[in-house]
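Written out below as structure tokens is the structure these notes cover.
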Amino acid sequence: MSRVLALVDADAFYCSAQTLFRPDLKHRPIVTLSNNDGCVVSRNRAAKRLGIKMGEPAFQLNEHVKQHGLVLFSSQYALYADLSSRLMRTLEELAPRVECYSIDEAWLDLSGLAISTSLEEYGRHIQQRIRQWLGLGVGIGISGTKTLAKLANRAAKDFPATGGVVDLTCPTRQKRLAAIMPVGEVWGIGGQLTKRLNLMGIHTALDLANADPKVIRKHFSVNVERTVLELNGIPCFDLEDSPAPKKQIISSKSFGERVTTYTSLREAVCSYTFRAVEKLRLEQQTAKLLSVFISTSPFAQEQYYSNHGSIELPVPTDDTRVFLQAAVRLLDSIWRDGHRYAKAGVMLADFYQPGVFQPGLFDQVAEKANSKQLMATLDKINSAGLGKVYFASQGFDQEWSMKRRFLSPAYTTRWSDLPVAK
């Protein structure tokens, strides 16, 4: 086999991140909740054994808390992002090419790597290194295509006897696993596709692998055809050395409490704008289009109101001040008094590489003085972990912010949250 890929996936990443600094919770059932502590987005093994489902509303967990000592955590994004960064840096020392697939998953290209042991043993070496350096458990699936590696990773997590590592480079083992794996577990095959495939008599991954690729393409799409080929060991999906540039950035969250005043809604819109432009600079892009949207809850027993506005700037920029001024103007045009707003957000679009936009001959183009230096300084301060710099329009109390009743310390990104040994 000329190409060898490994998929490394952290075990219950959000929950594992929380227990790194809480060894007293090692054997307790734990779940992490979504924004506003709404529903379950991550469960450890002990929580799964209680029958807790992904997406289960938090208010339905009270009995588990009382009877089984279930521990709830609000999402702590700063901690997750920092641990994810450390995970990816560790993996980059263990493989020549790494594609970050999600916050807790990455593809490793092991092709041509001088490995003195078997692929399974090297997988266990990766597993041990991550455990030693980061304290995280991972499942590792190894094979010749992304789809087969993903299938191997699923087996590594589902079957404890594997020890969390499965080498699926052998065609015989591929067929044996595919025969017991439901087709819905195949990478890229969602719920609707599963139903349609079942109607065609395709119930397992092996059934899909044995299907005629041309027939599959005719009834579905070229991507499903490629999945069939990948299940047969023919690579169709390559590693991406760098993620494709974003075409838009959205910053939006539901409020922890209903917002009824213009001042609070403006603070929220300005805060979301600040964060969106911060992400824009991280992408090393400038943007020309800004949209602002606001809405009440469609489920509340009250009049529903939703509106949005957009503005195209004369020239693309990454200056937060320009977008804040534009966002306030847009909010002024769509704000309506007398409503209880549940959500707001902003979207940046129409991206350009810095310095490549060609203005019109008679356009008045005047960038704010020292804009680049000011924005670079702002980002440097805010990424240092020593404090934050905000614009006054973002407000201070931010009573509209998310509910995070079970928020843990950030531990690794805030000096005041560093664990203290006693």
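A few points about this structure:
- 0 to 90° range, to nearest 10: angle between helix 146-158 axis and the chain longest Cα axis: 80 degrees
- Every Cα-Cα pair of segment 248-394 was included, and the share exceeding 28 Å stands at 23 percent.
- Taking the Cα centre of segment 21-160 as origin and assigning +1 to Lys and Arg Cβ atoms and -1 to Asp and Glu Cβ atoms, the resulting dipole is close to 400 debye.
- Inter-probe distance in nm under a simple model that places probes 7 Å from Cα toward Cβ, at residue 352 and residue 337: 4.0 nm
- Selection among 76, 13, 55 by position relative to the dipole of segment 13-76 gives 13 as farthest towards the positive end (Cβ unit charges, Cα centre).
- Gain on full stretching of the segment that runs from residue 422 to residue 388 - 0.36 nm per residue minus C-alpha separation: 9.3 nm
- Once the Cα-Cα distance is subtracted from the 0.36 nm per residue extended length, the residue 307 to residue 404 segment shows a gain of 32.2 nm.
- Cα-based shape type of segment 13-76, given that a ≥ b ≥ c are square roots of the gyration tensor eigenvalues and the cut on a/c is 1.5: oblate
- Residues residue 238 and residue 210, FRET efficiency given R0 of 30 Å [Cβ-Cβ distance, rounded to 0.05]: 0.75
- This model, with +1 at the C-beta of Lys and Arg and -1 at the C-beta of Asp and Glu, gives the chain a dipole about its Cα centre of some 920 debye.
- Estimated vicinal HN-Hα couplings, Hz - segment 96-106 in sequence order (Karplus 6.51, -1.76, 1.60; Gly, Pro = x): x, 9, 9, 10, 6, 8, 7, 4, 10, 9, 8
- Reciprocal mean inverse distance between Cα atoms of segment 100-200 - Kirkwood radius, Å: 14.7 Å
- Between residue 236 and 146, the built amide H atoms are under 5 Å apart, and every one of these is 5 or more places off in sequence or on another chain.
- Per residue, the convex hull around the alpha carbon atoms of the chain comes to 208 Å³.
- Qualifying GluC sites (Glu not before Pro) in segment 1-97, where qualification requires a DSSP coil assignment and no more than 14 other C-beta atoms within 10 Å, comprise 93.
- Segment 248-394 - charge dipole about Cα centre, Lys and Arg +1 at Cβ, Asp and Glu -1, debye rounded to 20: 320 debye
- Average Cα contact separation per residue, the chain, under 8 Å, 6 or more apart, as relative contact order %: 16 percent
- Per residue, the chain reaches -11000 deg cm²/dmol at 222 nm when only DSSP H runs of four or more residues are counted, each adding -39500 (n - 2.57).
- Whole-Hz Karplus values for segment 337-350 come out as 6, x, 10, 9, 7, 9, 7, 8, x, 9, 9, 9, 8, 6 Hz, taken residue by residue from phi with 6.51 cos²θ - 1.76 cosθ + 1.60 and θ = phi - 60°; glycine and proline positions read x.
- Residue-by-residue Karplus 3J(HN,Hα) for segment 316-325, coefficients 6.51, -1.76, 1.60, Hz, glycine and proline x: x, 8, 10, 7, 4, 4, 5, 5, 4, 4
- Taking the Kirkwood radius as Rh and the Cα radius of gyration as Rg, segment 372-422 has a ratio of Rg/Rh equal to 1.06.
- With 10 Å bins from 0: P(r) over segment 3-151, alpha-carbon pairs, percent: 11, 37, 30, 17, 4, 0
Throughout, read-outs are computed from the coordinates displayed, never taken from laboratory work. Remember, predicted model here, so these are calculated numbers, not experimental data. Glycine also receives a Cβ, built like all others from the backbone with ideal geometry; neighbour counts cover every protein chain displayed.
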